[in-house]
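Since the structure comes first, as structure tokens, the remarks are kept for the end.
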Amino acid sequence: MPRPGRSGAYEDSAAAVAAAAELLAVLHARGQDGAAPAVSPSQLRALLAVEGAEGVNLRTLSEVLGSRPPSVTRLCDRLEAMGLLTRSQHPSRRREVEVRLTPVGRALLEERRAIRVRELSAVLGRMAPEALDALVAGLAAFREAAAETYPSGGPPADGSPAPASGEPAPARVQDSA
């Protein structure tokens with residue numbers, strides 16, 4: 001693979017990372033196959049956002065997910081019907097609704113994480129120790145570079161370019177379950 005600074009180096013590196021990301025997506029999906037109840041990717045993102053900001057209101061959840069409020073309301077309707085989250089009136093702002101995970105919702109996220117860790121461990125266990133160390137170091141550097149580009153945890157959901165240096169980026173949820 002060409003080194004940075006040579007023609008095509010970043011494109012080759014990006015292609016290698018894209019291929020690895022596709023494999024990670026397969027492993028990620030396996031983590032969803034074994035857990036019940038089944039939830040869609042958008043439902044999972046909503047659960048993760050709520051987990052990261054317990055008591056979040058629907059407007060903020062809409063912003064974090066990059067979705068319109070009516071869509072998020074319907075999404076929360078489905079998650080609440082599944083017993084994965086609850087909505088309640090804010091204690092001091094009567095017109096505001098808070099969203100929180102239920103114990104079943106927390107257990108679902110933990111179960112998915114455990115399945116995913118098993119899947120990843122099976123692959124990582126086949127790697128040579130020095131390759132594994134290099135992978136971990138490379139991923140740490142990747143996260144650091146991404147944090148500089150997207151300080152709030154991810155690219156904008158609408159596909160817009162990264163904010164200019166020093167300009168705040170909108171909050172985004174990381175998909176870690």
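Rule-based calculations on the coordinates, nothing more; no lab input. Quick caveat, the model's predicted, so the values are computed rather than measured. As a convention, Cβ positions derive from the backbone with ideal geometry for all residues, glycine included, and neighbour counts pool all protein chains shown.
Okay, here's what the table says:
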| item | result |
| --- | --- |
| Shape call, region 97-149: gyration tensor on alpha carbons, a/c limit 1.5 | oblate |
| Debye, to nearest 20: dipole size of region 15-103, +1 on Lys, Arg Cβ, -1 on Asp, Glu Cβ | 360 |
